[in-house]
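Below: one structure, written as structure tokens.
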Amino acid sequence: MARRLIHYISACIILIIYGGQVCPFIESLTFTQLALPVIILFTILFLNQTLLVEKLIQKGSFKYQSRRLFQWELTLFIVLGLILTVFNTLYYKFPLDSGLKFLMALGLLGFFSGADLSLDREWTLSQLFAKTGKQITPDDHYFSHPKKFGWFASICVTLVIGIIFLIINKDLDWLTTVGQDVRVESAQRAILIEFGFVAGIILIHVFNLVASYSRNFQNFLVKETSALQKATSGDYDAFVPISSNDEFGVMAKHTNIMVKGLKKRTEELQQTQDTTILTLASLAETRDNETGNHILRTQRYIRVLAEKLHQKQGSNSELNDELIDLLFKSAPLHDIGKVGIPDHILLKPGKLTQEEFVIMKTHAQLGGDSLRVAEKRLGSNYFLKLAREIAMSHHEKWDGSGYPTGLKEKEIPLSGRLMAVADVYDALISKRIYKPAFPHEKASEIILQGRGTHFDPAIVDVYVTVEEEFKKVAQEFSDARE
């Protein structure tokens, strides 16, 4: 409303000044005679546009609101010009060519006002759609920007030339009438002032349209760029508001379709990956004395530890939300190497001999090697890297006495150090053929005894703060519930 009011007030002022510059008949009127009908008609026009037309346009389709706003604005300005022409012709007996000058001026002002308000409506719709998620569907055959620029330039040039012609014509008549009664310098000054006034008005309106268009263009580019950047970073919830029925709308539409397609395919791929992981892990567990719940429990133990460690270390943490999620998904593959252990060792219902235990320990190396092959075939894949680290290093010990490579302290990947605590805790509280299930207190005691020898001291310290969460996980996914 404020933008329209500014256009209408400026149009009133321009017409009152402009009339006397281009038409000697209008110049003969007093200020009141000239200004009063213009102000009354613009007041009626403003109220009509604000209270009636605006509401009718807003009730229509979002797709055509900006175009219809431009059409209405231009049409009503021309109607206003016709009314003034008829009024001056009937009341003051002015010739028709005097009214045509008013009509041409109002046509140009209506064109500028309609274009600016139309661009402003596109901006408003873009902000609305960004907040609400609404959007329009661009037509297959739309009014393209090259055509818009072509029409804009043609109309501006035609109207400007017409107005300049009228000014020249009026000045020639004036010079012919006054003849030698006016000095050349005064005539030149008067003519230059008239041209400067008209040129200044046109330039102000053109610059205003350029600013409005640039704002919309920048708004589109910012949202388009932001959506593409988020998509390349893995955020597929971004979208570009479709607020114009043109090339920008079509680009936004296909960007949104592309992002949605990427999201769907990524989710499908993620589901396939997660299902494959659990299937492979479950297959490995079926050859072992352990149950499938071991997978579910260790997944959750490692997530609890990682989240607490991340929270405790803050900005110095190696972890982040994405990495913690990958740890959770990779954990089930920690014993994938057991598929390569002979049944007579893997399924032996008793304590292993020293020779058998040596063979059993190779499952860490076997798991790491098999995942390394997959990693090479699939290329750089951080998920497989984590899975390989966990499979290879979850039996390494802080003091270097673990297997398969005898890594020590922070030579052991963080993923392996976290898995070591989770895996040992679950083995201690679980019943096996060769041992009973230890109570939580006993398992915690053993974990604390391994601080600085078997386990990373920092992770044990974190474990102490999340013991209750470990107990809840163990109860929720206990083997007894199967």
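The values are calculated or read from the model by the stated rules, or taken from the named source; none is laboratory data. Note that the structure is a prediction, hence the values are computed from the model and not measured. Ideal geometry is used to build each Cβ from the backbone, glycine not excepted, and the neighbour counts take in all protein chains shown.
Within the stretch 412-431, is there a residue that is free of Cβ contacts under 8 Å to residues at least 12 places away in the same chain, more than 23 Å from LEU326 (Cβ to Cβ) and either in a loop (DSSP other than H, G, I, E, B) or not assigned by TED's automatic domain parsing to the domain that holds ALA364 (or both)? Scanning the stretch 412-431 turns up no residue that is free of Cβ contacts under 8 Å to residues at least 12 places away in the same chain, more than 23 Å from LEU326 (Cβ to Cβ) and either in a loop (DSSP other than H, G, I, E, B) or not assigned by TED's automatic domain parsing to the domain that holds ALA364 (or both). Pairing residues of the stretch 309-322 that are under 16 Å from PRO413 (Cα atoms) with residues that are aliphatic (A, V, I, L, M), at Cβ distances under 6 Å and at least 6 apart in sequence or on separate chains, gives LEU309/VAL462; HIS310/LEU319; GLU318/LEU414; LEU319/ALA306. When the stretch 204-234 is filtered for residues that are over 23 Å from ASP120 (Cα atoms), of a type outside the set (A, V, I, L, M, F, W, C) and under 9 Å from the mean Cα position of the chain (by Cα), the ones remaining, listed by number, are GLN229, LYS230. State all residues of the stretch 119-134 that are surrounded by fewer than 20 Cβ atoms within 10 Å (Cβ to Cβ) and under 21 Å from TYR213 (Cβ atoms); if no residue qualifies, say none. Listed by number, the residues that qualify are ASP120, TRP123, THR124, GLN127, LEU128, ALA130. Which of the residues spanning the stretch 235-249 are of a type in the set (A, V, I, L, M) and out of contact with any Asp or Glu (no Cβ under 9 Å at 6 or more places or on another chain)? ALA238, ILE242 - these are the residues of the stretch 235-249 that are of a type in the set (A, V, I, L, M) and out of contact with any Asp or Glu (no Cβ under 9 Å at 6 or more places or on another chain).
Can you give me the ranges of the helices (runs of 4 or more DSSP H) entirely in the stretch 1-79 with at least 1 residues that are touching a Phe, Trp or Tyr at 6+ places or on another chain (Cβ under 6 Å), within 19 Å of MET104 (Cα to Cα) and assigned by TED's automatic domain parsing to the domain that holds SER126?
On the way: elements: 2-22, 24-27, 31-48, 54-59.
The qualifying helices (runs of 4 or more DSSP H) are 2-22, 24-27, 31-48.
Just need a number here: residues in the stretch 390-428 that are among the hydroxyl-bearing types (Ser, Thr, Tyr) and crowded, with 24+ Cβ neighbours inside 10 Å.
Step one: list which residues in the stretch 390-428 are among the hydroxyl-bearing types (Ser, Thr, Tyr), which gives 393, 401, 403, 405, 415, 425.
If we keep only those that are crowded, with 24+ Cβ neighbours inside 10 Å as well, we get 393, 415, 425.
Total satisfying the criteria: 3.
On the basis of being part of a helix (DSSP H, G or I), at pLDDT 85 or above and either farther than 30 Å from LYS134 by Cα or not assigned by TED's automatic domain parsing to the domain that holds SER154 (or both), does GLY110 make the cut? Steps first, please.
Values: part of a helix (DSSP H, G or I): yes; at pLDDT 85 or above: yes; either farther than 30 Å from LYS134 by Cα or not assigned by TED's automatic domain parsing to the domain that holds SER154 (or both): yes.
In short, yes.
Filtered by the rule that a residue be modelled with pLDDT under 85 and among the polar types (S, T, N, Q), the stretch 33-53 gives GLN33, ASN48, GLN49, THR50.
There is at least one residue in the stretch 444-463 that is over 47 Å from the mean Cα position of the chain (by Cα) and aliphatic (A, V, I, L, M).
All of (1) over 28 Å from GLY350 (Cβ atoms); (2) touching a Lys or Arg at 6+ places or on another chain (Cβ under 9 Å) hold for GLY450 with one exception: (1).
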